[in-house]
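Single-structure report; data block below.
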Amino acid sequence: MKPRLGRFMTPDWAAKPVTVPYASFGDPQTLNLYTYVENGPVNRVDADGHRDYAQSNSGNPCYDTASAECAASQNAQKAGQAAAKTAQNQVQTLVDAQNAAMANSKYAPNTPTAGTTHCSEAACDIAQHTGANTTGVLSDAKGNNYPANTQINNLANPKNGYQPVTPDQAQALANKGVLVFATQHGADHGHIASVRPEGVSGDQPRGSSGPILANVGLFNGVAHQSAVFNATHGEIVYYAPNQ
């Protein structure tokens with residue numbers, strides 16, 4: 001007895017002969033003739049009965065991996081991942097430079113003589129290790145650091161490529177790995193420190209308010225602005241590279 005063809009599921013049709021029309025061998029659900037829209041009828045539609053869901057999967061440009069939209073999406077994703085990795089590396093470079101300066105025995109307070117501090121040397125050192133050009137701003141042409149007040153005056157000169165930023169902006173930039181300086185001009189000698197990214201493992205900043213700083217001076221270590229600068233001694237100004 002011959003079976004009645006109407007009782008059986010038959011493969012989809014195609015304009016020209018193909019092995020399995022409208023199927024993707026990388027997706028077994030497309031081979032299952034007993035499911036509707038790959039068993040996802042809640043968020044998919046099949047407008048023409050050929051199981052082509054590109055229209056209903058507009059939120060996923062790579063539903064069709066061969067599409068130009070998918071290629072653009074993948075390129076954007078790769079670019080985003082590369083940018084994130086670059087930013088992460090930039091933050092780590094800044095942190096490593098600050099750690100090295102704070103731990104440098106030559107920059108310890110009162111070395112080599114009593115009352116000696118080394119904030120200007122550390123600022124120049126950190127800048128050089130993060131790839132910043134210090135010549136004419138933090139150091140002379142031979143790389144020798146200027147005194148802190150001279151460095152601060154140079155940072156304040158717009159021609160040197162820096163601009164004043166708010167404390168909040170300073171912290172946000174440092175969190176991205178940008179080298180930002182906290183400064184206070186003094187009558188005899190000023191003080192300069194670099195802003196530290198937030199959330200560095202192991203950090204326990206002194207103080208309680210203001211941006212976090214990598215300080216080299218009367219003490220070497222991580223501290224909030226409130227533990228490094230005394231506002232009664234003068235204005236505290238943050239300088240960041242022109243963006």
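Read-outs throughout are calculated quantities, based only on the coordinates presented, and are distinct from any laboratory measurement. Please read these numbers as outputs of a predicted model, since none were measured by experiment. FYI the Cβ positions are ideal-geometry reconstructions off the backbone, even for glycines, and counts take in every protein chain you see.
Packing here is the average count of other Cβ atoms within 10 Å per residue, and on that basis the peptides 133-144, 91-102, highest first, run 91-102, 133-144.
State the antiparallel share, in %, of DSSP beta bridges confined to the stretch 88-241, rounding to the nearest 5.
Of those bridges, close to 90 percent are antiparallel.
Other residues within the sphere of radius under 14 Å centred on the Cβ of Asp125, judged by their own Cβ, net out at -1 (K and R +1, D and E -1). Highest mean packing first, where packing is the average number of other Cβ atoms within 10 Å per residue, the peptides 207-217, 109-119, 188-198 line up as 207-217, 188-198, 109-119.
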